[in-house]
Amino acid sequence: MSGGIVEVRKRSHPGAGRGRARMRPKGRHVEPRAADEVRTLLGGRPRRRDLLIEHLHLIQDRYRCLSAPHLAALAAEMRLALAEVYEVATFYAHFDVVREGEAPPPEVTVRVCDSLTCEMMGAQSLLQRLPGTLGPDVRVVRAPCMGGCDKAPVVAVGHAEVAHATPQTVARAAADGAGPSPLSGYKDFDAYVAAGGYTLLRDCLDGKRTVEDVTAIVEDSGLRGLGGAGFPTFRKWQFVRGYPGPRLMALNADEGEPGTFKDRYFMETDPHRVLEGTLIAAWAVEAEEIYFYLRDEYPAIREVLSAEIPKVEAAGPPGQPKIHLRRGAGAYICGEESAMIESIEGKRGLPRHRPPYVAEVGLFGRPTLIQNVETVYWLRDIIEKGPEWFARRGRDGAKGPRSFSVSGRVKDPGVKVAPAGITARALIEEHCGGMAEGHTFKGYLPGGASGGILPASMADIPLDFGTLEEHGCFIGSHAVIILSDKDTMRDVAVNLLRFFEDESCGQCTPCRVGCEKAVTLMEAEHWDTALLKELSTAMRDASICGLGQAAPNPFLSALAFFPEDVT
C-alpha cells in the first residue's frame with residue numbers, strides 16, 4: 001500500500017457488497033520490488049523528513065535515476081505524500097527524475113560546465129563535439145560552475161572531474177567509468193594532531209579560554225564572513241547567543257558562484273583546520289549540533305570528510321557537538337543561507353522571507369549560526385597568534401589575508417592568498433604571473449557572477465568590502481575573473497544572465513521572469529537600454545533574495561563601462 005491518504009468508497013452497482021464500504025489506497029500503487037529495493041538501500045537509516053535528499057541520493061547513485069516506482073516506494077517508506085517527494089526530487093539539477101513511460105538515462109552522463117571561465121576556454125566547442133565523439137550511449141548535458149575554474153574547461157563524467165578537458169580526455173574517462181579520484185596530499189587527522197591541531201579546541205572546551213575572551217580576539221582581528229556578505233563574525237556570534245537555546249550551527253560549503261573555488265582549496269588541503277574552526281565557532285554560541293552542507297560537485301572532499309569526521313568525534317570529549325555531513329544536489333540558490341537551511345531540512349531550496357532572521361529562527365526553528373568555510377579556517381590562527389597577526393596582513397587599511405579565486409586570462413590561475421585590499425592589477429602581476437600570452441587586460445569581475453564587471457582602467461581600486469559599491473559592484477566571495485581584449489562584454493553579460501535564469505529558484509516573479517526577460521532583451525541585436533534599466537529596478541526592489549537583486553549587475557556594468565560592446 002502507498003503512504004497516501006486512505007479513501008472510503010462505496011460500491012454503487014447492485015449486489016456489490018450491498019453498500020458496504022471498503023478501504024482502497026489513494027495515490028500511486030507501490031510495486032513490491034521497488035519497495036524492497038528502497039528498503040534495502042535505506043537499511044537502518046532513520047526515515048526522518050530532513051533526510052529525504054540524502055535518501056534520494058542513495059537511489060540516484062545506485063540506479064542513475066529516480067524512477068516513478070522508486071519515488072513512490074520512498075514516499076511510502078518515509079510516510080510522506082508523493083507530491084512532497086516529487087517536488088524535492090524535481091527541484092535539484094543532480095536528480096534525474098524518470099516519469100512513467102520514459103526511458104532511463106544512459107549509463108554515463110557527461111556534464112560540461114559552460115559558466116563564464118569554462119566558456120572562455122572552449123566549453124561550447126566541447127558541447128558540440130562530445131556527442132559525436134562519445135556516441136549515443138553517453139548523455140552530454142550542459143552544467144553550471146563546478147568549482148574548477150582554474151582548470152577550465154571542466155567536465156564531469158559521472159562523479160569524476162576532467163580538468164582542462166578535451167574530447168579525447170573525456171572519452172577516456174567515459175570509457176574507464178571510474179569514480180572521483182581520491183584526494184591525496186591533504187593533512188589527515190593524525191598529521192593535524194601531531195602539528196598541534198585540536199589543542200585550541202580542547203582549551204576552549206576545558207575552560208582554559210572563555211567565550212568572552214575568544215569573541216574579543218575575533219572582534220579585534222576584523223574577521224568578517226567570507227562567503228560574500230562580509231558581516232562581522234563576532235557580531236554574528238553575539239546575535240546567535242542572544243537568543244535562548246537550544247542552538248544549532250550550519251557550515252556553508254556550497255560555493256556555487258561562478259568563479260569561486262577557494263573553499264574547495266581549504267577543504268582539499270587542510271580539512272581539519274576547517275573542522276576545528278567549525279567546532280570552535282559552535283562552542284562560542286553553544287550550538288548542540290553542526291550541519292556541514294557540502295556541494296555535490298565535490299565528491300572527493302565528501303569522501304575525505306566522511307572518513308575524517310568520525311575520527312574527530314571519536315577523539316573528542318563527551319558532549320562535543322555532533323557533525324552531520326549533508327550533501328547538496330546541484331542548486332546555486334542553496335548558497336543563500338535560508339535556502340541552505342531549507343535544503344538541510346530535506347526540502348526545496350527556497351529562500352525564506354525575513355525577518356525573522358536565521359540567527360533567531362533558523363534550522364528546525366532554532367537559533368542558528370551560519371558560517372563560511374574560509375571564515376572558520378582562519379579562527380585557529382587568529383586565536384593562537386593574536387588578532388594583530390591577522391589584521392596587519394591587509395593592505396590600504398583593510399584587515400587580514402584573503403583567498404582570491406582567480407581565473408580567466410592569466411598565466412597562473414588558482415587560489416591566491418593575498419592581502420585584503422590588494423588591487424586587481426597587483427593580483428595579476430604579483431600572484432598570477434601576468435596576463436596570458438597574447439592577451440591584453442580589458443576588464444575583470446571582482447566578485448563572481450553577481451559582483452559586476454569593471455574595466456582595466458579601474459583595476460587599482462582596493463579589493464575589499466565596501467570599496468566597490470559606489471561603482472555598482474561588490475567583492476562578494478572574492479572570485480576574480482580576468483577578461484581580455486579577446487572577450488566581448490555583451491557575450492560575458494549574456495553568459496552570466498543565462499546562469500541566473502537557470503538557477504533562479506522560481507519562488508518570486510521579479511527574479512524568475514526578470515532573468516528570463518533580461519536574457520531575451522540581451523540576445524537582441526541592439527539592447528533596449530531604457531527597458532533593461534527599468535527591469536533592473538523592479539528586480540532589485542522586489543526580489544526576495546540576493547540572486548534576483550544582484551542579477552542585473554552584469555548588464556548594468558556592461559552598459560556603464562563597456563558601451564562600445566553592447567550598443
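The values are calculated or read from the model by the stated rules, or taken from the named source; none is laboratory data. None of these values were measured; they are calculated from a predicted model. Every residue, glycine as well, gets a Cβ built from its backbone with ideal geometry; the counts of neighbours run over all protein chains shown. Accessible surface areas use protein heavy atoms only, side chains included; no ligands, DNA or RNA. Shrake-Rupley method; radii C 1.70, N 1.55, O 1.52, S 1.80 Å.
Just checking, which of D565, D541, D528 is modelled with pLDDT under 95 and open to solvent by 10 Å² or more (accessible area, probe 1.4 Å)?
On the way: D541 fails: modelled with pLDDT under 95; D528 fails: modelled with pLDDT under 95.
Checking each option against the conditions leaves just D565.
Filter the range 462-493 down to the residues that are of a type in the set (V, I, T), farther than 30 Å from L223 by Cβ and open to solvent by less than 10 Å² (accessible area, probe 1.4 Å) and list them by number. If you could, list the steps in order and put the result at the bottom.
First, pick out the residues of the range 462-493 that are of a type in the set (V, I, T): 467, 475, 480-482, 488, 492.
Okay, now just the ones that are also farther than 30 Å from L223 by Cβ, so 488, 492.
Within the range 462-493, just V492 meets the criteria.
For G328, indicate whether it is under 20 Å from the mean Cα position of the chain (by Cα) and either farther than 23 Å from L200 by Cβ or modelled with pLDDT under 95 (or both). Spell out the reasoning first.
Working: under 20 Å from the mean Cα position of the chain (by Cα): yes; either farther than 23 Å from L200 by Cβ or modelled with pLDDT under 95 (or both): yes.
Yes.
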Requested in this report: Tell me which residues, restricted to the range 312-334, are over 23 Å from R45 (Cα atoms) and open to solvent by 30 Å² or more (accessible area, probe 1.4 Å).
Outcome: A315, P317, P318, Y332
Requested in this report: List every residue pair whose Cβ atoms lie under 6 Å apart, where the two residues are 6 or more positions apart in sequence or sit on different chains, the first residue falls within the range 303-322 and is at pLDDT below 95, and the second residue, located anywhere, is open to solvent by 60 Å² or more (accessible area, probe 1.4 Å) and of a type in the set (A, V, I, L, M, F, W, C).
Outcome: P317/L205
Query raised in the report: Is there any pair linking a residue in the range 154-180 that is touching a residue at least 12 places away in the same chain (Cβ under 8 Å) and charged (D, E, K, R) to one that is buried (at least 19 other Cβ atoms within 10 Å of the Cβ) and in a loop (DSSP other than H, G, I, E, B), with Cβ under 8 Å and at least six apart or on different chains, and which?
Result: E161/M146; E161/G148; E161/V154
Report task. Look through the range 338-372, keep the residues that are without any contact (Cβ under 8 Å) to a residue 24 or more places away in the chain and in a helix (DSSP H, G or I), and return whichever of them is most open to solvent (accessible area, probe 1.4 Å). Result -> G365
Report summary line: Within the range 90-125, the residues that are of a type in the set (A, V, I, L, M) and out of contact with any Asp or Glu (no Cβ under 9 Å at 6 or more places or on another chain) are V97, V98, A103, V110, V112, L116, M121
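Looking at I280, I301 in this structure, which one is of a type outside the set (D, E), crowded, with 21+ Cβ neighbours inside 10 Å, part of a helix (DSSP H, G or I) and in contact with a strand residue (DSSP E or B) (Cβ under 8 Å, 6 or more places away or on another chain)? I'd like the intermediate steps shown before the answer.
Values: I280 fails: in contact with a strand residue (DSSP E or B) (Cβ under 8 Å, 6 or more places away or on another chain).
Only one candidate qualifies: I301.
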Report summary line: With criteria (1) of a type outside the set (D, E, K, R); (2) touching an Asp or Glu at 6+ places or on another chain (Cβ under 6 Å); (3) within 18 Å of F234 (Cβ to Cβ); (4) open to solvent by 10 Å² or more (accessible area, probe 1.4 Å), W389 comes up short on (2)
**Report entry** Counted residues, the range 251-267 - those being more than 19 Å from W378 (Cβ to Cβ) and surrounded by fewer than 24 Cβ atoms within 10 Å (Cβ to Cβ)
**Finding:** 0
Query raised in the report: On the given criteria, is L496 crowded, with 24+ Cβ neighbours inside 10 Å, outside any loop (DSSP other than H, G, I, E, B) and touching a Ser or Thr at 6+ places or on another chain (Cβ under 9 Å)?
Result: yes
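Every residue, every condition in (1) touching a helix residue (DSSP H, G or I) at 6+ places or on another chain (Cβ under 9 Å); (2) among the polar types (S, T, N, Q); (3) closer than 30 Å to A89 by Cβ, yes or no:
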| site | (1), (2), (3) |
| --- | --- |
| T467 | no, yes, no |
| F474 | yes, no, no |
| S477 | yes, yes, yes |
| K486 | yes, no, no |
| L496 | yes, no, yes |
| L535 | yes, no, no |
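Suppose we filter the range 538-566 for residues that are in a helix (DSSP H, G or I) and touching a Phe, Trp or Tyr at 6+ places or on another chain (Cβ under 9 Å); how many remain? Walk me through it before giving the result.
Initially, the range 538-566 is screened for residues in a helix (DSSP H, G or I), giving 538-542, 546-550, 553-561, 563-566.
Next, from what is left, pick out any that are touching a Phe, Trp or Tyr at 6+ places or on another chain (Cβ under 9 Å): 547-548, 550, 553-555, 558-559, 566.
Of the residues in the range 538-566, 9 are in a helix (DSSP H, G or I) and touching a Phe, Trp or Tyr at 6+ places or on another chain (Cβ under 9 Å).
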Report summary line: The one condition A103 fails out of (1) modelled with pLDDT under 95; (2) farther than 23 Å from V155 by Cα; (3) in contact with a helix residue (DSSP H, G or I) (Cβ under 9 Å, 6 or more places away or on another chain) is (3)
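Quick one: which residue in R235, R273, R295, R241 is crowded, with 20+ Cβ neighbours inside 10 Å, of a type in the set (K, R) and within 18 Å of I217 (Cβ to Cβ)? I'd like the intermediate steps shown before the answer.
Numbers: R235 fails: crowded, with 20+ Cβ neighbours inside 10 Å; R295 fails: within 18 Å of I217 (Cβ to Cβ); R241 fails: crowded, with 20+ Cβ neighbours inside 10 Å.
Matching residue, one of R235, R273, R295, R241: R273.
Out of the range 429-460, which residues are of a type in the set (A, V, I, L, M) and open to solvent by less than 30 Å² (accessible area, probe 1.4 Å)? Working first, answer last.
To start, the set of residues in the range 429-460 that are of a type in the set (A, V, I, L, M) comprises 435-436, 445, 449, 453-454, 456, 458-459.
Within the range 429-460, A436, L445, A449, I453, L454, A456, A459 meet the criteria.
So is V214 β-branched (V, I, T) and under 28 Å from the mean Cα position of the chain (by Cα) or not? So that I can check it myself, show each step before the final result.
Details: β-branched (V, I, T): yes; under 28 Å from the mean Cα position of the chain (by Cα): no.
Answer is no for this residue.
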Query - Matching helices (runs of 4 or more DSSP H) fully within the range 57-176 where at least 1 residues are out of contact with any Leu (no Cβ under 7 Å at 6 or more places or on another chain), open to solvent by less than 30 Å² (accessible area, probe 1.4 Å) and farther than 30 Å from D487 by Cβ - result: 68-78
**Report entry** Which listed residue, of L248, L223, is at pLDDT 95 or above, open to solvent by less than 80 Å² (accessible area, probe 1.4 Å), touching a Gly at 6+ places or on another chain (Cβ under 7 Å) and farther than 22 Å from G400 by Cβ
**Finding:** L248
